[in-house]
Structure formats: C-alpha cells, structure tokens
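**Student:** Please find one structure pasted underneath; my questions will follow.
The values are calculated or read from the model by the stated rules, or taken from the named source; none is laboratory data. Everything quoted here is computed from the prediction, not taken from an experiment. When we count neighbours, we look across all protein chains shown, and the Cβ atoms used for this are built from the backbone with ideal geometry, even at glycine. Heavy atoms of the whole protein, side chains included, go into the accessibility calculation; ligands, DNA and RNA do not. Shrake-Rupley method; radii C 1.70, N 1.55, O 1.52, S 1.80 Å.
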Amino acid sequence: MVRVPVRDDLSALEGYHSPQVDVRVRLNTNESPLAPPPEFIAALSREIAGISWNRYPDRTARGLRTALADHHGVHPENVFVANGSNEVIQTLLLTFAGPGRTVATFEPTYQLHAHIARITGARVVESERRPDFSLDPQQVVEVIETSRPHVTFLCSPNNPTGTVDTPEVLERALARSGGLIAVDEAYGQFAPRSALDLLDEETPLVVVRTFSKTWSMAAVRLGYLVGPKWLVAELDKVVLPYHLDAVKQIAGTVALRFAPQMLERVGFLVSERERLVAALNGLDLEVFPSGANFVLFRPRSLPGRHLWQALVDRGVLIRDCSSWPRLSDCLRVTIGSAEENDCFVQSLSDVLKR
Ligand SMILES: *Cc1c(COP(=O)(O)O)cnc(C)c1O
C-alpha cells in the first residue's frame, strides 16, 4: 500500500476527539438537553417544501444574513454565516492567519482555535490563564505587544472552564492590538455580558456565535460572525461558493422567529446551572465559576479520571479533561434536563461519600 506523506507541518497533528460512550445520561458535549419548539419544526417543514431542489442555494444567504442582522441590530453586510462556528473560525484563519503569521490563544481554551490555526500553517502562541482560569488583562496586553499576533482569540464564556472575561480584558486588548481580536461567544446568551456592544467599522473585532448550543440546534451545523463590513467581504472571497445549503439557510432564518423561546430555554438552563453549582459546592470539590451551560470542577479526594470512570459505571457520561494540559484532574459537566442533573448529582455524591 502506498502512503503519501501529509504536509510536513501537519505530521505531528492529532485530530479532535470527543469520545462517545453509550450511556443513560450524556452530559459531555455541551448540547442543549431541550429540543427546539415544535412550532419551529412545523414552520421549517413547511418552508423546506418550497425549496427549488434543482437549483443552487442563494450564494449570499441574503435572507439568513438579513434575519441575523435584524436580530443583532446591524447590517446584513456585517454578518458572515457558515457550517457551524468551526467553519467560521476556519474561514477567519484562512483569511488572516496562514504561513508566516501568528495566532494567540490563552490556555486552557477551546482546542480548535489553535488546531485550525496550525492547519492553516500559522504559528500559535499559547499563553497562560491564571490558576482560577481568569485572564490577566496586563498579560493579554503583553502577549499582544510581544508577539504581535495577526489574530488573537478570546473565548467568553471560555470552554472548558466557563470563565467570563471582565470588560477590561477586551477593552485593553483592543486598545493595543494591531491585529484582529476574535471573541468566540458560542455560549454568549448564557453569560451576563457580550462583546457585541463594542463592534463597529473602525474596530478590528469580530464576535463568533453558533446555533449549536443556545439555539438547541447542534444537528444543523450553523454558525456566524458579526464584524466590520470590510472584513466580512474578505471572508466571502475565501469561503467555498455555495457552502451553505438551502435547508440550513431556511433553518436559521426560521429559528430566529423563535428567539423568545430560545431565551426561555437559556433561562431555564442558567437556573439549572445555579442549582447544580450549589449542589457541587456542598461536595468535596473545587468548582470553577461558570457563565455557560457547563461547569468545570476538580475532586479534592480522588483522581479526576477515577471519578469520571465511576460516573460512567453509573451510566453518567461527562467530559474527562483530567489529562489535558493545565487541567489536571478536572472534569466538565454539561447542564442537562432537571432529571439528568439530579441523576448526575446523586451519582457524584454516591461516589464521593463512599
Ligand atoms: C461548541 C463550540 C464551538 C462549536 O460550534 P459549532 O458551531 O458547533 O461548530 C465553537 N466554539 C466554542 C468555544 C465551543 O464550545
């Protein structure tokens, strides 16, 4: 068998893994436990019936961009849409990173920022968060001044830690940055603040969002970015033509009509998060504050990996981050339905009190 060597700079690369185990309670991938409203499914089915299946979809996704622009109070030219926010991030990095360029991340954070940056051939400068996973604004400024990154990733709320950045972090970063600042807000609606208010045509800032988490639509693979018009025009040149199919364009447009129902679901998950955090704080755990639909914690009395396995044995799957750099013994649980959360807390206290 002939094996053709991959690009030299990719030979050491590992793929992105999120193990799937077949268990009763799955709280490992930050999906919503709640389906979108039935009225959404009904409206979507009606509109899909009207698709011209023999034709390519609207290449500019005008309808969807307009609906998103109305939702955020911006212009359609400020909105770029793609197949999940991962494709948004990929397009952003193909456009602004690549060989000879630098991308900055603050670890631990969402692995795909650095991963995709490396695939484009960029150099990645990984800087540290504080031990409580918050960002030190002074350090962010130092990284920007020393490494002069073409793209700097912030992630608020940060995956996998749940940390919400203070406004000072972004304000100071923007004041010093000659490059682009990309704020990944995949969990934006779960948090008390957003970077969307700071966007304007003169600021090299983009905010990336997704339908996967807050909109209960992980199956659809739809994400977007809000940013300056000139930047969105550049992304449109790089992304593949007709990359966004007609079904997806309709799904996003119809979903936006159900924003109040989405916010209701987000409100419920935030209240469940607070209930879960209170329960975790009563156990022998270090619990990190979260503004997202998940909570990171670390057992004090046994290795994280053992706790993770003991939960799997009880039919509860959460994310094992215990072997990831800077996250020793840490586990991340996604907020599920009230029953799933009860089941998780019950199993967790059984294990810890043994
Ligand atoms: C889940 C997640 C994404 C992925 O979003 P998709 O739209 O499903 O591609 C992006 N960023 C962060 C921080 C995430 O946690």
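**Student:** Only one residue in Q111, Q90 is within 12 Å of the ligand (Cβ to nearest atom) and farther than 18 Å from V238 by Cβ, so which one is that?
**Tutor:** Criteria check complete, one pass: Q111.
**Student:** List pairs: first residue in region 180-191 and within 16 Å of L170 (Cβ to Cβ), second residue of a type in the set (D, E, K, R) and in a strand (DSSP E or B) anywhere in the structure, Cβ distance under 6 angstrom, at least six positions apart or on different chains.
**Tutor:** E185/R209; G188/R209
**Student:** With the structure loaded, tell me whether F344 is open to solvent by less than 20 Å² (accessible area, probe 1.4 Å) and among the aromatic types (F, W, Y) or whether it fails that test.
**Tutor:** It is true that F344 is open to solvent by less than 20 Å² (accessible area, probe 1.4 Å) and among the aromatic types (F, W, Y).
**Student:** While we're here: Just to be sure I understand, how many residues within region 22-78 are outside any loop (DSSP other than H, G, I, E, B) and not β-branched (V, I, T)?
**Tutor:** 24
**Student:** Say we look at region 93-108 and pick out the residues that are among the polar types (S, T, N, Q) and assigned to a strand (DSSP E or B); which of these is farthest from the ligand (Cβ to nearest atom)?
**Tutor:** T102
**Student:** Here's a follow-up. Which of the numbered conditions does Q309 fail, given that it passes all the others? Conditions: (1) polar (S, T, N, Q); (2) buried (at least 16 other Cβ atoms within 10 Å of the Cβ); (3) assigned to a helix (DSSP H, G or I).
**Tutor:** (2)
**Student:** Please tell me if T91 is of a type in the set (S, T, Y), modelled with pLDDT of 95 or more, in contact with a helix residue (DSSP H, G or I) (Cβ under 8 Å, 6 or more places away or on another chain) and closer than 30 Å to C330 by Cα.
**Tutor:** Considered against the rule, which asks whether it is of a type in the set (S, T, Y), modelled with pLDDT of 95 or more, in contact with a helix residue (DSSP H, G or I) (Cβ under 8 Å, 6 or more places away or on another chain) and closer than 30 Å to C330 by Cα, T91 comes out as no.
**Student:** Can you tell me which residue is farthest from L225 (Cα to Cα) among those in region 150-176 that are of a type in the set (G, A, S) and surrounded by 24 or more Cβ atoms within 10 Å (Cβ to Cβ)?
**Tutor:** G162
**Student:** Kindly indicate which of F190, F211, F258 is modelled with pLDDT of 95 or more, touching a helix residue (DSSP H, G or I) at 6+ places or on another chain (Cβ under 9 Å), away from the ligand (no atom under 16 Å from the Cβ) and open to solvent by less than 60 Å² (accessible area, probe 1.4 Å).
**Tutor:** Of the residues listed, the single one that is modelled with pLDDT of 95 or more, touching a helix residue (DSSP H, G or I) at 6+ places or on another chain (Cβ under 9 Å), away from the ligand (no atom under 16 Å from the Cβ) and open to solvent by less than 60 Å² (accessible area, probe 1.4 Å) is F258.
**Student:** Given the criterion of a type in the set (A, V, I, L, M, F, W, C), surrounded by 23 or more Cβ atoms within 10 Å (Cβ to Cβ) and either under 17 Å from the mean Cα position of the chain (by Cα) or away from the ligand (no atom under 13 Å from the Cβ) (or both), identify the matching residue among V124, V141, V183.
**Tutor:** That would be V183, the only listed residue that is of a type in the set (A, V, I, L, M, F, W, C), surrounded by 23 or more Cβ atoms within 10 Å (Cβ to Cβ) and either under 17 Å from the mean Cα position of the chain (by Cα) or away from the ligand (no atom under 13 Å from the Cβ) (or both).
**Student:** Would you mind finding the one in P160, P131 that is under 30 Å from E286 (Cβ atoms), within 16 Å of the ligand (Cβ to nearest atom) and at pLDDT 95 or above?
**Tutor:** So the residue among P160, P131 that is under 30 Å from E286 (Cβ atoms), within 16 Å of the ligand (Cβ to nearest atom) and at pLDDT 95 or above is P160.
**Student:** Could you list all residues from region 289-306 that are in a loop (DSSP other than H, G, I, E, B) and open to solvent by 10 Å² or more (accessible area, probe 1.4 Å)?
**Tutor:** P289, S290, R300, S301, L302, P303
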